[in-house]
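Read the structure below first, then the notes.
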Amino acid sequence: MELGLPFETYVEQYRYKYLALYHAIRTAIHSGKLPEGTRLPATRELAKLYGVSRGSAAQSYDMLMAEGYVVSRPGSGTYVAKGIAMIDQPPAADRAPVLSAWGQRLMEKSGEYASALMSIQEPPLGTISFANARMPIQDFPYSEWRSALSYAGGSGGTQLQSGAPPEGDTELRQAIAGHLRFTRGIQVDPEHIVIFSGSMQGLVLLFQLLVDPGDHVVMEDPGYQGIHRGVSLSGGIPLPSPVDEAGLIPREWDAGLLVVSPSRQYPTGAVLPLERRRALLNWARSRQAFIIEDDYDSEFRWGGKPIEPLKMLDDEGRVIFVGSFSKTMFTGLRIGYAVLPPSLVEAVVQAKALYEPISPAVLEQRALARFIVRGGYGRHLRRMTRLYGARYEALHQAMDAYASDLFCLHSGDAGLHVYANWLRSGEEYAALRDAARNRGVMFRDAAVYHLTPGPPAACFGFSHLDASMIEEGVRRIALAWLDMQKT
Ligand SMILES: Cc1ncc(COP(=O)(O)O)c(C=O)c1O
């Protein structure tokens with residue numbers, strides 16, 4: 001099926017083929033050249049038509065789907081969505097603004113950003129999606145949270161009016177210090193904690209403060225794409241460093257900054273052993289380098305005692321511990337924080353004040369402080385940890401029963417998703433993703449986390465699915481595999 005897209009022109013403009021394909025199809029939809037309801041070719045056919053890999057074809061469809069340009073009908077195919085044509089074509093004069101070098105870097109990275117955005121889109125109705133790891137909304141303790149909010153609103157008085165200082169609400173900083181001391185063993189002075197609008201804001205500000213154009217920044221590969229984007233935008237040069245089953249492999253890097261997730265490597269789930277932690281700290285000491293410890297999703301640990309953060313071993317003020325409430329509370333809360341070495345506090349607060357001279361969402365910050373201090377947060381973590389532990393088991397059992405010849409799950413004892421190596425060829429992996437979508441099941445391609453191409457792997461978010469959904473989802477994957485054998 002020929003789509004008549006001027007694909008080559010888009011490749012020149014967007015460099016990456018998946019991005020070129022995405023823009024070419026998007027423009028054709030906007031202009032009405034691909035009218036609503038048009039059935040688009042299967043990824044295999046699309047890949048052949050434009051000489052791209054099947055993965056690139058699938059990625060462009062994923063982006064279009066995430067933005068609502070196309071819809072997937074399980075068992076039938078991919079179609080142009082309704083009501084899209086001609087709605088937001090910018091006037092010609094707006095198309096090529098002259099941007100700063102930073103702005104240009106930002107736009108170059110926009111394709112990756114668009115695919116990261118995919119993660120917050122809803123899958124088609126009836127699909128079982130392992131693509132996102134989320135808190136099951138029905139299990140959130142709303143009444144306790146509501147009473148914390150009402151307490152914060154009622155007692156805040158003038159403080160709510162005037163807001164909190166840039167470093168965040170004092171009560172929340174004290175509550176976080178208490179929580180970290182109690183659950184993770186870190187002795188923290190609340191004065192060294194800065195609250196951010198999500199940990200991503202903290203990471204970006206830290207990159208702005210610590211990275212000069214051309215500086216090398218070590219990061220895990222595979223790792224979180226947001227870190228790669230943040231470092232590249234600050235002008236830094238990412239130094240992807242390999243991860244094995246025990247996490248980041250220490251090296252004598254020529255760099256002044258390293259970002260690592262030692263308690264639960266993102267996305268593989270590996271826990272960094274003590275000798276490697278010591279090696280990282282020795283490296284930082286010898287280089288006068290900083291280490292950012294991204295402690296994104298390790299609070300739900302059902303397999304024993306929480307792992308002590310790297311920050312606990314840091315007696316020289318080299319480690320910046322970054323935490324987030326996005327996974328433990330809910331994504332829309334947007335509260336993250338950093339525990340800073342004393343030497344960095346002033347600079348970080350100044351940087352924060354530049355963007356937010358008054359800390360936002362003081363009501364939520366106050367409520368969170370109350371929720372933590374009254375024990376609601378701890379109870380919620382313990383309850384969800386039990387639930388997630390059971391769901392993790394359910395995923396392992398279902399994989400053993402239906403798909404042990406397709407995926408090998410990494411074992412883990414924390415978090416909301418599992419990393420799984422694909423046991424067959426790359427071609428078959430791309431084909432299975434399509435076939436699975438047609439069977440009404442989705443999982444995340446771990447390629448998005450690989451800075452240098454790695455063996456095919458997937459991430460299965462299980463936290464939001466009950467045991468029967470998990471089993472059904474894995475069964476659908478096995479059926480999709482059988483579908484493939486028939487064609
Ligand atoms: C590993 C990791 N670190 C940091 C972040 C940023 O988290 P947030 O800004 O939601 O606190 C994310 C978000 O997905 C992540 O996956």
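The values are calculated or read from the model by the stated rules, or taken from the named source; none is laboratory data. Just so you know, these numbers come straight off a predicted model, no measurement behind them. Reconstructed Cβ throughout: ideal geometry from the backbone, glycine too, with neighbour counts over all protein chains shown. When the accessible area is computed, the model is the full protein with side chains, heavy atoms only, and any ligands, DNA or RNA have been set aside. Shrake-Rupley method; radii C 1.70, N 1.55, O 1.52, S 1.80 Å.
For the stretch 385-396, putting each phi into the Karplus relation 6.51 cos²θ - 1.76 cosθ + 1.60 with θ = phi - 60° gives couplings of 4, 4, 4, 5, x, 5, 5, 4, 4, 4, 5, 4 Hz, in residue order, rounded to whole numbers and with x for Gly and Pro. Suppose R0 equals 25 Å. What FRET efficiency, 1/(1 + (r/R0)^6) with r the Cβ-Cβ distance, do Ser100 and Gln13 give to the nearest 0.05? My answer for the efficiency is 0.80. For the chain, the longest principal axis of the C-alpha atoms and the axis of helix 17-30 are separated by about 70°.
Taking all protein chains as shown and a probe of 1.4 angstrom, His192 keeps an accessible surface of around 50 Å².
With respect to the chain, whose longest principal axis is taken over its alpha-carbon atoms, helix 426-438 is tilted by about 90°.
Accessible area per residue for the stretch 162-237 is 34 Å², calculated with a 1.4 Å probe on protein heavy atoms, without ligands, DNA or RNA. Close amide H contacts of Phe300 (hydrogens built in the peptide plane, cut-off under 5 Å, sequence separation of 5 or more or a different chain): Gly415. On the stretch 379-486, 52 percent of the accessible area sits on carbon and sulfur atoms, based on a 1.4 Å probe. Take the stretch 406-487 with all the other protein chains still there, run a 1.4 Å probe, and you get 39 Å² of accessible area per residue. Under the rule that an exposed site lies in a DSSP loop and has at most 11 other Cβ atoms within 10 Å, name the longest stretch of the chain with no GluC sites (Glu not before Pro) of that kind, not counting the sites themselves. Looking at the chain, 3-244 is the longest stretch - no exposed GluC sites (Glu not before Pro) with at most 11 other Cβ atoms within 10 Å.
Axis of helix 170-184 versus longest Cα principal axis of the chain: the two differ by about 80°, to the nearest ten degrees.
Our helix-only sum for the chain, with -39,500 (n - 2.57) per DSSP H run of n ≥ 4 divided by its residues, gives a mean residue ellipticity at 222 nm of -14000 deg cm²/dmol. Amide H contacts under 5 Å for Val70: Met65, Ala81, restricted to partners 5 or more places along the chain or on a different chain, H placed in the peptide plane at 1.01 Å from N.
Shape class for the stretch 142-375, computed from the alpha carbon gyration tensor (a ≥ b ≥ c): prolate, with a/c not under 1.5 and a/b above b/c.
Taking each residue as 0.36 nm, the span from Ser53 to Leu363 lengthens on full extension beyond its C-alpha to C-alpha distance by 106.7 nm.
For the pair Lys82 and Glu45, the difference between a 0.36 nm per residue extended length and the Cα-Cα distance amounts to 11.0 nm. Using the Cβ-Cβ distance between Thr487 and Arg146 with R0 set to 60 Å, the FRET efficiency works out to roughly 0.70.
Measuring between their Cα centroids, the stretch 185-240 and the stretch 4-70 lie 33 Å from each other. Extension gain, Arg374-Ser468: 0.36 nm per intervening residue step, less the Cα-Cα distance, totals 30.4 nm.
Please label the shape of the stretch 306-423 as rounded, prolate or oblate, based on the square roots a ≥ b ≥ c of the eigenvalues of the alpha-carbon gyration tensor (a/c under 1.5 means rounded; beyond that, a/b larger than b/c means prolate, else oblate). Cα axes put the stretch 306-423 in the prolate bin.
Partner lysines whose Cα lies under 24 Å from the Cα of Lys327, excluding those fewer than 8 positions away in the same chain, are identified as Lys305, Lys311, Lys352.
Couplings 3J(HN,Hα) of the stretch 141-147, computed from phi: x, 4, 5, 5, 5, 4, 6 Hz, in residue order, whole Hz [Karplus 6.51 cos²θ - 1.76 cosθ + 1.60, θ = phi - 60°; x for Gly and Pro]. Here the chain is treated as a sphere whose radius is the Kirkwood value from Cα pairs; by Stokes-Einstein at 4 °C and 1.567 mPa s it diffuses with a coefficient of 54 µm²/s. For the stretch 198-212, putting each phi into the Karplus relation 6.51 cos²θ - 1.76 cosθ + 1.60 with θ = phi - 60° gives couplings of x, 5, 4, 4, x, 4, 5, 5, 5, 5, 4, 7, 10, 10, 9 Hz, in residue order, rounded to whole numbers and with x for Gly and Pro.
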